1. Under the condition of being under 20 Å from Met95 (Cα atoms) and under 19 Å from the mean Cα position of the chain (by Cα), which residue from region 13-39 is surrounded by the fewest Cβ atoms within 10 Å (Cβ to Cβ)?
2. Please verify whether region 249-258 includes one or more residues that are among the acidic types (Asp, Glu), in a loop (DSSP other than H, G, I, E, B) and farther than 26 Å from Leu202 by Cβ.
3. Since Phe170 meets every condition but one in (1) outside the structural domain of Gly248 (by TED's automatic domain parsing); (2) of a type outside the set (Asp, Glu); (3) touching a residue at least 40 places away in the same chain (Cβ under 8 Å), which condition does it not meet?
4. So, Glu272, is that one among the acidic types (Asp, Glu), in the same structural domain as Phe224 (by TED's automatic domain parsing) and assigned to a helix (DSSP H, G or I) or not?
5. Residue check: is Thr10 buried (at least 17 other Cβ atoms within 10 Å of the Cβ) and touching a Leu at 6+ places or on another chain (Cβ under 8 Å)?
6. Answer yes or no: is there a residue in region 117-136 that is under 28 Å from Glu187 (Cα atoms) and of a type in the set (D, E, K, R).
7. Quick one: which of Val347, Val309 is more than 25 Å from Ile274 (Cβ to Cβ) and of a type in the set (A, V, I, L, M)?
8. Hey, could you check region 94-110 for residues that are surrounded by fewer than 16 Cβ atoms within 10 Å (Cβ to Cβ) and touching a Phe, Trp or Tyr at 6+ places or on another chain (Cβ under 8 Å) and say which is nearest to Gln65 (Cα to Cα)?
Amino acid sequence: MKITFPYMGTSHIAFKYLIESLGHQAIVPPKPSKRTLSLGTQHSPEFACLPFKLLMGNYLEAIEQGAELIITSGGIGPCRAGYYGVLHQKLLEDMGYPTRMLVFESPFRYPLDFFKKVKAVLAPNKIGWLEFLGHYKRAWRKLQILDEVEAATYDLRPFEVHKGETTKIFNHCLTLIDDAAARDEMEQVREESLVLLRGIALDRSRKPLKIGIIGEIYVVLEPFANFDLQVTLGEMGVITQRTIYLAGWAKENSSWDGEKEVKEAAKPYLKEMIGGHGINSVGDTVHYARRGFHGVVQLAPFTCIPEIVAKGILNKVSQDMAIPVMTVFLDEQTGKAGVQTRLEAFVDLLAQKRERMEEMAI
């Protein structure tokens, strides 16, 4: 069976590994591009959000490559993401495509539905549950390694002596991780990747600003959607950190009391479940302020209600905790030049604020 899935950050490497381990042919969608967005926008409702349109474009590009089945995730709470799969399927059917779609919900919330859908993927190649568990654990470990190596680059890039070296080595590391099959190979590649990153020439005399990244998961994880914002800030001399990585997010949301700490931090400002990552955006901003970060950038799809609600609350958090917050709404009309100009102005503001604070401390 030819199976495809959403392209989001580096996660396609782990998804491809799992699908091929189960005896299927993985159809990796092309890296999101202007064509992807154009296709998705053309065949999506006008007021659908950016992630919906990019996913739609991804699916159409994968179908061009022969994809027969789309595997994706659902959602919970008052957020339209929970309806993406149903609506994508309907749109594809109306366009005459026979491609099927499996939407996986949390196994803790809908266990019977989850295991039924896993069985549907395993059945064609007669994969048993124990064998599946082994493949799943290795794919999960690959996903963790991808996230760990990526996170390391954001701490190094602001110090690099030769601009672009971190990105070049990171791309090489992705190839190494992609090629690793056995568990011991993955661990070896992890160590090799971290050694390669540690070998980058750095200027530790620099004093980079620290900015936290918050927002809706897709536009935070997918560089095309956010114009490679973390790399851009890194090359401007800023350390960026984000709390949303796919492995961590999946782990937290696969339990009944997931994300307990961030929800607790958000409580003084937001107690209700507003869907998406709205409560995360509030709680994470509180955490960043407590950890001494200089500012926060919120990434939000245009028309995303959870992030719009969070933005209104973040004004109060920003005032109370003296941490500037800049919100960037993203859709097909957003331009890279405009985003970069805003980022440069925000970084200048934070640098001036830090200088004033240092002068007052003398």
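1. Filtering region 13-39 for residues that are under 20 Å from Met95 (Cα atoms) and under 19 Å from the mean Cα position of the chain (by Cα), the one surrounded by the fewest Cβ atoms within 10 Å (Cβ to Cβ) comes out as Leu37.
2. yes
3. Result: Phe170 passes all but (3).
4. Answer is no for this residue.
5. yes
6. Yes - at least one qualifying residue is present in region 117-136.
7. Unique residue meeting the criteria: Val347.
8. Only one residue fits best here, namely Pro107.
The values are calculated or read from the model by the stated rules, or taken from the named source; none is laboratory data. Small disclaimer: the values here were computed from a predicted structure and weren't measured. Cβ sites come from the backbone with ideal geometry, for glycine too, and all protein chains shown count toward neighbours.
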